[in-house]
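Heads up, the thing below is written out as structure tokens.
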């Protein structure tokens, strides 16, 4: 018996489709890359600095927490990289270094690791971190202030702030094509609409994000904006404007469908996305904040566990 | 080689059941020893002494106080009686018989039609190829199980054992069906055959099934060719419609499943007066090529590997059954059992490891679950050992055991294993409770 060959014994099934968490992470960053690239071209070295610092500090926070909590190092799954990259996409290129480090700290530790790490976070870590920074340091996410020394050949006014303060007449300079091509100020990776849409379509087709959530979110934004616009075309911008400005597109494909904080059943996914979209425009148009995307996502994250209880009855089960 | 996720991950993976027309099974030379597992825990040698001579087809009782028996598949001498612990700690008595050169076959029935009875079937056929599930039936209470389903479909992928039997042993199956109907008093018999979706490779000619159905008054149902349509719960849904099956035994539901081979065994046994001892098995090699093999029950799988030049190295995997629902074994000495429909070998290279990562809530399992179990929630409760909550709130008992959730799990969580463990633990707790209640009452 001693020289018997040793075989692997394990439980069925004996096949796996070969997917992995790191694959999802790498492809998410890949899909985000074109949008980030335009940010780098437009804003230059400061943007590069923010991106590098954001990704590296996010990974270091994760490593530090792994060490402190004496858990296996989880950097290999790529999730820290994704969170770092997404934070940088939302941040202005001129964000001070301490804000970036603070932001990734909030995202990684308060947003993710204190709940037990990947899969345990009830809120979207990146959205949470942006919200806390917005509320704690006034002006960190003020894009008008951030790009005051830039001259890029298009309007340097943050479109959402312009429409909120001065009404639709103030945004007559912006046309859909320019917005789509990234001729607007905003987060490093959140202005280039076309690239975000291409990346989003890639993620949806590859099954890395749940398309139901993304599309219902966009539908919610578009529908609500259209209704506001119809009620008062002088004060409220139309659907196209809301879809192409602020964090709408980056949220639709990279924040709202974050795995852990969003539902998995069909009807909850549709309600979740739609409600987040509606809330986004409500906050933009009648709330205190210029862009409501972040708060809309966080609110829906809290509702998510309840929503996900709406599910089809298991087959073979008593009524 | 492994089935990968398609580039467009939106599309669900489609697993088609094997539909090739297998050639006649190849026979291998007689095994030198056979090992037979009796479904009763080992309690010493009992009635059986080492050195005792047995004939092919002879019934061997093990213990005076138990009806458990085996049917010797060779002529020879008993060389050992020992204990074997299977999956989930299930205990068997393993009887090893060394075969001698001269074969003598024992007749257990005469040709008298009066001998065709449920009692005789239970007494002699429980260990025949296909393992006919006769325990659920009883003489006194004939009405409990109303439907017998004859499965001419293979439950897992890559196998064609039952399809082959369904197609090629029509006479035995027809006879088996009429006998089963007669002795069990079942109201209806349904034959499940694969749906022939392309005409080139009809998995099981309708003509043959029609012949069987017509001759024995059975109804024929075609089963979709997509996994897991041929798993018992899915067939039950097809046959009975949407009935409550979660957490119930097949007996309570009133349905009994017989593989085509089991029915053929019943037919053959009463036709010939002897208990059949040959089992058809699909051998799935490392390159996923398949061969149909006919062997004596109890043949060590090593003999099959040797006959078909399957070389195994350290860290390969041997699977009894198919790729999604089988069970791996640790030794090439493991024998072919009455219900062994396939033997699969996997190269160390193609074995994917499971991980202890938590669920990331991607929802792939929820999308693929054929019975709408909220797997993402279920696995969290199972991981935490909250088995009762898993059953009460998250449909543990609706799970039909197809294994697809583990197959698609991005975090590589052994979900199916957690589910099986949860069911096993709950059953163990239920039995312990029953025992303590009985003790309290006594």
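Only the coordinates and a few stated rules stand behind these numbers; no lab work does. As the structure is a computational prediction, the values presented were derived from the model and not from experiment. Positions of Cβ are generated from backbone atoms using ideal geometry, with glycine treated the same way; all protein chains shown enter the neighbour counts.
Some points to look at:
- Peptide B:363-369 has a mean shielding of 5, counted as Cβ atoms of other protein chains within 10 Å of each residue's Cβ.
- The ranking of B:105, A:280, A:19, A:74 from fewest to most other beta carbons within 10 Å of each one's beta carbon is B:105, A:74, A:19, A:280.
- Contact order relative to length of chain B, as percent, for alpha carbon pairs under 8 angstrom and 6 or more apart: 16 percent
- Gaussian network model of chain A, Cα within-10 Å springs - most flexible of A:76, A:189, A:84: A:76
- Label-to-label distance, nm, for residues given as residue A:166 and residue B:424 (7 Å Cα→Cβ offset): 7.1 nm
- Computed packing ranks the peptides A:255-265, B:411-421, A:308-318 as A:255-265, B:411-421, A:308-318, most packed first, by mean other Cβ atoms within 10 Å.
- Shape category assigned to chain B from the gyration tensor of Cα positions, a/c cut at 1.5: rounded
- Sorted peptide list for B:75-81, A:143-149, B:123-129, A:245-251, criterion being average Cβ within 10 angstrom, highest first: A:245-251, B:123-129, B:75-81, A:143-149
- Cα long-axis angle, helix B:206-216 against chain B (0 to 90 degrees, to the nearest 10): 50 degrees
- Note on residue A:45 and residue A:299: the model spin-label points, each 7 Å out from Cα along the C-beta direction, lie 4.3 nm apart.
- Cα gyration tensor shape for region B:113-272, rounded if a/c is under 1.5, else prolate or oblate: oblate
- Highest-fluctuation residue, A:33, A:14, A:105 considered, GNM on chain A with Cα pairs under 10 Å: A:14
- Rounded to 5, percent antiparallel among DSSP beta bridges of chain B: 65 percent
- Chain A, relative contact order in percent, only Cα pairs under 8 angstrom and at least six apart counted: 18 percent
- Angle of helix B:415-441 to the longest C-alpha principal axis of chain B, folded into 0 to 90 degrees and rounded to 10: 60°.
- For the protein assembly as shown, the share of DSSP beta bridges that are antiparallel, to the nearest 5, is 65%.
- Mean sequence separation of contacting Cα pairs (under 8 Å, at least six apart), scaled by the length of region B:31-99, corresponds to a relative contact order of 42 percent.
- The angle between the Cα long axis of helix A:125-136 and the main principal axis of chain A comes to about 40°, on a 0 to 90 degree scale.
- Going from the fewest other Cβ atoms within 10 Å to the most, the residues A:196, A:244 appear in the order A:244, A:196.
- Highest GNM mean-square fluctuation among A:92, A:233, A:159, for chain A modelled with Cα contacts below 10 Å: A:233.
- As a rough footprinting exposure proxy, the listed residues A:71, B:369, B:399 were ranked by other beta carbons within 10 Å of their own, and the order from fewest upward is A:71, B:369, B:399.
- The overall shape of region B:290-341, judged from the alpha-carbon gyration tensor, is rounded, with an a/c ratio under 1.5.
- All Cα-Cα separations within region B:31-99 were binned at 5 Å from zero, giving a P(r) of 4, 19, 32, 25, 15, 5, 1, each value a whole percent of the pairs.
- Per residue of peptide A:17-28, the mean number of Cβ atoms on other chains within 10 Å of the residue Cβ is 5.
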